[in-house]
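To keep things clear, I will list the structure first and then write my remarks on it.
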């Protein structure tokens, strides 16, 4: 069964990742989210992952990863 958004649009991401964060890490994530206008914590984590991968020379193409 394909997961959908609240509007019924199929999700492009097929995998889930659950992580535990300390209170300080969560505050830092929320600060990043608001500073960079990310629509959700998940979007902020994806943005940070993309930036981190790029910083070590591993380009991360979100479009390819979603398909």
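Does the range 4-13 hold any residues that are surrounded by 10 or more Cβ atoms within 10 Å (Cβ to Cβ), without any contact (Cβ under 8 Å) to a residue 12 or more places away in the chain and out of contact with any strand residue (DSSP E or B) (no Cβ under 6 Å at 6 or more places or on another chain), and which are they? Before the answer, list the steps.
Filtering the range 4-13 for residues surrounded by 10 or more Cβ atoms within 10 Å (Cβ to Cβ) gives 4, 11-13.
Subset that is without any contact (Cβ under 8 Å) to a residue 12 or more places away in the chain: 4, 11.
Across the range 4-13, the qualifying residue is only 11.
Which of the residues belonging to the range 18-61 are part of a helix (DSSP H, G or I), under 22 Å from residue 5 (Cα atoms) and over 10 Å from the mean Cα position of the chain (by Cα)?
If the condition is that a residue be part of a helix (DSSP H, G or I), under 22 Å from residue 5 (Cα atoms) and over 10 Å from the mean Cα position of the chain (by Cα), then 33 is the only one that fits.
Which residues, counting only those in the range 15-41, are surrounded by 10 or more Cβ atoms within 10 Å (Cβ to Cβ) and either at pLDDT below 95 or touching a strand residue (DSSP E or B) at 6+ places or on another chain (Cβ under 6 Å) (or both)?
none
The values are calculated or read from the model by the stated rules, or taken from the named source; none is laboratory data. Everything quoted here is computed from the prediction, not taken from an experiment. We place every Cβ from the backbone using ideal geometry, glycine too, and count neighbours over all the protein chains shown.
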